[in-house]
Structure formats: C-alpha cells, structure tokens
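Derivation of every value follows stated rules applied to the coordinates shown; laboratory data play no part. For clarity, every value in this text was computed on a predicted model and none was experimentally measured. FYI the Cβ positions are ideal-geometry reconstructions off the backbone, even for glycines, and counts take in every protein chain you see.
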Amino acid sequence: MNWKIKASLQKFLSLSKLGDQLNHLPVTFNKEYHRNVFLYQTLECLRKFSHTNLNLRDDDSTALEIGTGYSVLSAVVLVLLGFKKVITVDVTKDLRFSTFKKQLAYIETSSFLEEILSKSIYDEDQIRKMIFKIKECNSLESLFNSFNIVYIAPYSFDDIEGQSSSFDYISSQVVLEHIKPEILSMLFKKTKRWLKEDGFCVHTVNFIDHFANPGFFQDKSISEFNFLKYSNKFWSFWSGNSIAYTNRLSYVYYLQLAEKCDLKVVDFIGENYRERIELDLNSIHDDVLNNYISIPVKEDLVKFQRGTFVFKV
Ligand SMILES: C[S@@+](CC[C@H](N)C(=O)[O-])C[C@H]1O[C@@H](n2cnc3c(N)ncnc32)[C@H](O)[C@@H]1O
C-alpha cells in the first residue's frame, strides 16, 4: 500500500487527542500481542543493560528511561536487576494497568527467570518474592509505590531533575528517532551532566523509514531509506505530526552529537535486521545532508537499519 495512505491517516488521527492510541490499536489485535511485547521488552532491556558493567549494590542506584511507550516492563526489569529508583518518562501518557497485567502472565517463564538471575544483584528467592509482590499490585500506582518507579508523562527536563539529576543508567528503546534534533541536543547535554562518572547511557535507535515497517499498511515497494529522498518541507508536510514524526538521522548524527556534547562513545553496534531494498544514493536530498552537524558521506546514511550506542561521560 502506498506509504502516503498511512501518512494521511496518521495526519488525520494526530488531530485528535486519542489519535496516538487509535494508531496503536491495530497491532493489539494480534492474539500473541501481549506475549510478544513481554518477550521484546524484557529481552531488549536486558540486552542493552548487558553493555554495561554497572554495580547496582549501591543504595542509590538510579535509572532513567526515555520513552516509556505502552509498556512499563522495562522499568520493572530494571527494578529486578537491582536499581533502587527508576524514572521513566514519555511525551504521552499511554500506560494501562490492564495491559500490564496481561503481559505479567509471562514473567515466571523459566527463560526469563534464568536471564534475570544471571544479571541481577538478587538471588532466586529474592526475585521470586519481588515477582509475588508485583503480581499482588492492583494498580499502576501501587506498583510504582512498591518499587520506587516514577512515571512522568508528559514530562520536561525540569520534571526529571525534580526527581534526580544523577543517574547510573540512562536508556531508550527505539525512541531517539522520534525526537527533533534541538531536543536531542538538549538531551545529550543533560546526559553529560546527569550521568555519574561510572554510569552508562545506552540507546537503541531504529534508523529506517517507518512507512516501510511490516504490517497492514506496509509499503513493500519502497526502500527502507525511502525518506532520505525528500526535502525537509515535503517530509514535514507528510510526517511532521505527533504520531508519524521521525528525524531521518543515521548513526553518524548521534556520533557527531556525542562528540559535540563531549560524551565518550564506548561502543556502537550497527545492525541490518531486515531485507534491504537499496536506495539510489544520488536520490538523497541535500536537505538530509544539511541536517547534520558536519556533512556525512552518503554511504553511511544507509549503512545500518538499527543501532545501539553506549556512551559514558
Ligand atoms: C516506538 S515508541 C517506543 C516506546 C518504547 N520504548 C518501546 O520500546 O515500546 C516511541 C516512543 O517515544 C516517545 N517519544 C517521542 N518523543 C519523545 C521525547 N521527546 N521524549 C520521550 N519520549 C518520546 C513516544 O511517545 C513513544 O512512546
């Protein structure tokens, strides 16, 4: 289906307060939805954390998650790993306790327990007691109060600093590509200030054109980097709204920004996780190149579909 059909629907939905939730609705019809969310959120959270060598035995170990989305599972995993306080923030408030309950049904699967035990500061008995307590919670508020989770949505940087301005761990999962460059720049500057000396910041970013994502509305005819062909004005017309916005930035931009903000790049893991439809590099619009801090080489803009950045101060 032509990507402009989905783009038009998203533009229309973004005019309504419920637009974001309506846009999310179709994926929840899959009968494996809650199981898939559980597997994806828990595995991705543990994968990102495995890039650190944090010692969570300190009494004040604090984590910040940028972009909670529709699932509080990564905050719960961070608690089970040993963080004493977890702050999770988003621009929209999308958490539902009923959804969390359905996803919780998978928390005692042996593969998850094995994974968490291999990385947590707690032993099996302690983890099982924590899981029992999580299952006893009858609302998101009771979950948050019992485990020192702070959910702020919508949030500002001042709201975060009202809770803490010193973090052992700052992370996000497929969120940064939805953030405008000016805000990204503020986030990276704050990260430089907020991260403890031995702290880690781990972000996983999806660099591709989201109109090429699988699903009912997928445009199978376009390259996964199709959006690089368009001017800023054209792209903003089609996807400048609150639901569809993506910044079209490749891994190179985040590395440039880290350098500008004096963050150390401990590692960058680039991935190509899906079939490639090569984009003609000559079709990349000059606006796309000019969005960079310094002009990148075109080959780099289509090199990776997804990537994980590990930063330190
Ligand atoms: C693709 S979702 C990912 C959500 C979640 N991390 C996950 O893995 O399911 C992108 C999320 O980023 C959030 N977002 C967009 N701009 C943001 C910003 N400036 N700060 C924090 N979150 C933001 C959106 O509201 C949305 O929940």
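Tabulated data
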{"quantity": "Leu43/Lys233 FRET efficiency (R0 30 Å; Cβ-Cβ; nearest 0.05)", "calculated": "0.15"}
{"quantity": "Sequence of Leu140, Leu263, Leu15 once ranked by neighbouring C-beta atoms within 10 Å, starting from the fewest", "calculated": "Leu15, Leu140, Leu263"}
{"quantity": "Cβ-based exposure ranking for Glu115, Glu271, Glu136, Glu197, in which fewest neighbours within 10 Å come first", "calculated": "Glu197, Glu136, Glu271, Glu115"}
{"quantity": "Segment Asp159-Asp59, extension gain: residue separation times 0.36 nm, minus the distance between their alpha carbons", "calculated": "33.8 nm"}
{"quantity": "For Leu64, distant residues with modelled amide H under 5 Å away", "calculated": "Ile87, Tyr169, Ile170, Ser171"}
{"quantity": "Local electrostatic count, Asp58, Cβ distance below 9 Å [Lys/Arg +1, Asp/Glu -1]", "calculated": "-1"}
{"quantity": "Degrees between helix 181-194 axis and first principal axis of the chain (Cα, 0 to 90, nearest 10)", "calculated": "30 degrees"}
{"quantity": "Range of Cα positions in the chain per principal axis (Å), largest first", "calculated": "59, 44, 35"}
{"quantity": "Packing rank of 147-156, 53-62, where each peptide gets the mean count of other beta carbons within 10 Å, highest leading", "calculated": "147-156, 53-62"}
{"quantity": "³J(HN,Hα), Karplus 6.51/-1.76/1.60, whole Hz, each residue of the stretch 229-240, x for Gly, Pro", "calculated": "7, 9, 5, 4, 5, 5, 5, 5, 4, 7, 9, x"}
{"quantity": "Expected 222 nm ellipticity per residue - DSSP helices of 4 or more, -39500 (n - 2.57), all of the chain, to 500", "calculated": "-12000 deg cm²/dmol"}
{"quantity": "Förster radius 41 Å - calculated FRET efficiency between Arg35 and Met186 (Cβ-Cβ, nearest 0.05)", "calculated": "0.65"}
{"quantity": "5 angstrom amide H check on Val266, placed H, neighbours 5+ away", "calculated": "Val310, Phe311, Lys312"}
{"quantity": "Amide H within-cut-off set for Glu224, under 5 Å, with H built and near neighbours excluded", "calculated": "Ile277"}
{"quantity": "For the stretch 100-241, convex hull of alpha carbons as volume per residue, Å³", "calculated": "188 Å³"}
{"quantity": "Integer Hz, Karplus 6.51/-1.76/1.60 couplings in order for the stretch 75-92, x for Gly and Pro", "calculated": "4, 5, 4, 4, 5, 5, 6, x, 5, 8, 9, 10, 10, 10, 10, 8, 7, 10"}
{"quantity": "Two-site label geometry, Phe217 and Tyr273: point separation in nm, points 7 Å out along Cα→Cβ", "calculated": "2.0 nm"}
{"quantity": "For the stretch 158-170, Karplus couplings with θ = phi - 60° (6.51, -1.76, 1.60), whole Hz, Gly/Pro x", "calculated": "5, 4, 4, 5, x, 9, 6, 10, 9, 10, 7, 8, 10"}
{"quantity": "Set of aspartates and glutamates with alpha-carbon distance to Lys298 below 17 Å, sequence-local pairs under 8 removed", "calculated": "Asp209, Glu224, Glu278, Asp280, Asp286, Asp287"}
{"quantity": "Length added when fully stretched, Ser242-Ser16, from 0.36 nm per residue minus Cα-Cα", "calculated": "80.3 nm"}
{"quantity": "Set of lysines near Lys189 by C-alpha distance (under 17 Å), chain-local residues within fewer than 8 positions excluded", "calculated": "Lys180, Lys260, Lys264, Lys312"}
{"quantity": "Nearest 10 degrees, 0 to 90: helix 110-119 Cα axis against the chain principal axis", "calculated": "90 degrees"}
{"quantity": "Over 14 Å [Cα-Cα, the stretch 156-216], rounded percent", "calculated": "64 percent"}
{"quantity": "Between 0 and 90°, nearest 10: helix 124-136 axis offset from the chain longest Cα axis", "calculated": "70 degrees"}
